[in-house]
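First up is the structure itself, then whatever we jot down about it.
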Amino acid sequence: MDRIYRLKNVIQPYAWGSRTAIAELLGDPFPSETPQAELWMGAHPKAPSKVNHKGRWVPLDGLIEANPVSVLGPAAARRFDNHLPYLFKVLAAAEPLSIQAHPSRQQAQEGFERENRAGIPMDAPHRNYRDSNHKPEIICALTRFWALCGFRTWVEMRDNLLCYCPDTLSGELERVECFDEPRRIRSLFETLMTLSDDLRQVTVAEALSSAEGHGATVPEAFWLKRIGAIYPDDIGVLSPLLLNLVCLDPGQALFLPAGQLHAYLEGTGIELMANSDNVLRGGLTPKHVDLPELMKILRFEPLAIKRLALESIWPGERRYQAPAHEFALSEVKVVGDGTQYRSAHDRSADILLCTDGSGVIQWGPEGETLPIEKGAAFLAPAGAGVYGITGNTILYKASVLLSS
């Protein structure tokens, strides 16, 4: 694995996806015939990327299985049991995703083993754990990007609900005031998730009616109405009142650890996560919602929103500072003045995606090259050694964090 490979990647056609964003990035005709929600770059067995190796296209997970040390490097192969530890994506949301959270590593291992013992098929709709890994993640905006991330403080939550649902929820808010903050949030959330059909409909209807009285410049009211138009009978309509409502400008990023309830609402972003597909849903979806299991993994302490800082680690590369143990996300920027970006020598497998401009990636003693254009994705195995990039281009790089 002493060369760099162009990647052929899978597009996931989930219903909430955009018909323009991924197609435009890849230079394909748009609007696309079906929604294009996620572009997967990595070795997850559900949808591995492919590389042209020795004249044929082979799945990346199989290539790594056959050549773990050459692709990952000895340190990463040993540390991550011969597996690529991250999954790299472009996420393009035209409509809100489901409200969801991801388990910790221990919770994922226990849940995966438990469902295996119960004989639940891996593709069963009610299966919660499809692998044994956790799924911390970074979301980095390519366009203006709206998200719900973690519970608000109790004071914010209470004031929002008294504003939008004074008749239906004031009694419940008063009932939980005697608890400490995490218990208040937990008790309120569980109550909302278990309302009878009649009470849920009345509560959502009151919130939507109240939202009509607010101008379009009030983000909570805007998203209440937007979500309510798609899911009019779902208690998740109230999520902008319960969760932090965040707008990321292009280049800004958030880190989502295990146990944080969240939903991505609109926009296109780069997503980097541990190599897992474990999701526990809590609303805004026709898919399976397992409330008892969701309650086990959720963290009910309020989440303080912090956008990730960018640190320049050497010329041409800035890394997002996130508390991840498997992966790192960097922006690689080369301007057309003849300067060259050079990668580290001591590295594992990098995946690079060009989001703007064009250039050339070069490696090896013979100076082999591949052209870079917008939408192109590349695998740089550890065995390829140092590589350089020239041109006028911006790429996002997923790498294995070797020093944590």
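Here are a few things to note about the model shown:
- Which listed residue is crowded, with 16+ Cβ neighbours inside 10 Å and either out of contact with any Pro (no Cβ under 8 Å at 6 or more places or on another chain) or not in a strand (DSSP E or B) (or both), from Asp167, Asp159, Asp131, Asp123: Asp131
- Search result, residues across the stretch 280-306 that are in a loop (DSSP other than H, G, I, E, B), of a type in the set (Lys, Arg) and farther than 26 Å from Val155 by Cβ: Lys287
- Of all residues in the stretch 291-310, those satisfying the criterion of being more than 17 Å from Leu243 (Cα to Cα) and surrounded by 14 or more Cβ atoms within 10 Å (Cβ to Cβ) are Leu291, Glu293, Lys296, Leu308, Leu310.
- Strands (runs of 3 or more DSSP E) fully within the stretch 332-386 that include at least 3 residues being over 25 Å from Glu311 (Cα atoms) and at pLDDT 95 or above: 368-373.
- Among the candidates Ser70, Ser104, residue that is under 28 Å from Pro292 (Cα atoms), touching a Gly at 6+ places or on another chain (Cβ under 7 Å) and in contact (Cβ under 8 Å) with a residue 60 or more places away in the chain: Ser104
- Scanning the stretch 157-203 for residues that are within 27 Å of His288 (Cβ to Cβ) and of a type in the set (Gly, Ala, Ser) yields Ser187, Ser196.
- Remark: pairs (first residue in the stretch 311-330, at positive phi; second residue not aliphatic (A, V, I, L, M); Cβ separation under 7 Å; 6+ apart in sequence or on different chains) = Gly316/Lys333; Gly316/Tyr341.
- Within the stretch 163-174, residues that are in the same structural domain as Ser196 (by TED's automatic domain parsing) have Cβ atoms under 9 Å from residues that are among the basic types (Lys, Arg) in these pairs: Leu173/Arg158; Leu173/Arg184, counting only partners at least 6 apart in sequence or on another chain.
This table checks each residue for (1) at pLDDT 95 or above; (2) surrounded by fewer than 19 Cβ atoms within 10 Å (Cβ to Cβ); (3) in a helix (DSSP H, G or I).
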site: His44; (1), (2), (3): no, no, no
site: Pro48; (1), (2), (3): yes, no, no
site: Val51; (1), (2), (3): yes, no, no
site: Val69; (1), (2), (3): yes, yes, yes
site: Ala76; (1), (2), (3): yes, no, yes
site: Phe88; (1), (2), (3): yes, no, no
site: Gln107; (1), (2), (3): yes, no, yes
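The rows are residues; the columns are (1) in contact with a helix residue (DSSP H, G or I) (Cβ under 7 Å, 6 or more places away or on another chain); (2) closer than 18 Å to Phe145 by Cβ; (3) assigned by TED's automatic domain parsing to the domain that holds Met193.
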position: Ala253; (1), (2), (3): no, yes, no
position: Leu256; (1), (2), (3): no, yes, no
position: Gln260; (1), (2), (3): no, yes, no
position: Ala263; (1), (2), (3): yes, yes, no
position: Ala274; (1), (2), (3): no, no, no
position: Leu280; (1), (2), (3): yes, no, no
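- Residue check, Gly391 on the phi > 0 side of the Ramachandran plot and assigned to a strand (DSSP E or B): yes
- Of the criteria (1) surrounded by fewer than 17 Cβ atoms within 10 Å (Cβ to Cβ); (2) hydrophobic (A, V, I, L, M, F, W, C); (3) under 22 Å from Ile99 (Cβ atoms), which one Phe179 fails: (3)
- If the condition is being out of contact with any helix residue (DSSP H, G or I) (no Cβ under 8 Å at 6 or more places or on another chain), in contact (Cβ under 8 Å) with a residue 12 or more places away in the chain, surrounded by fewer than 19 Cβ atoms within 10 Å (Cβ to Cβ) and among the β-branched types (Val, Ile, Thr), then the stretch 355-389 contributes Val360, Val386.
- Hits in the stretch 307-318 - residues which are part of a strand (DSSP E or B) and under 17 Å from the mean Cα position of the chain (by Cα): none
The values are calculated or read from the model by the stated rules, or taken from the named source; none is laboratory data. The model shown is predicted, which means the values in this text are computed figures rather than measured ones. Methodologically, a virtual Cβ is constructed for each residue, glycine included, from the backbone with ideal geometry; neighbour enumeration extends over all protein chains shown.
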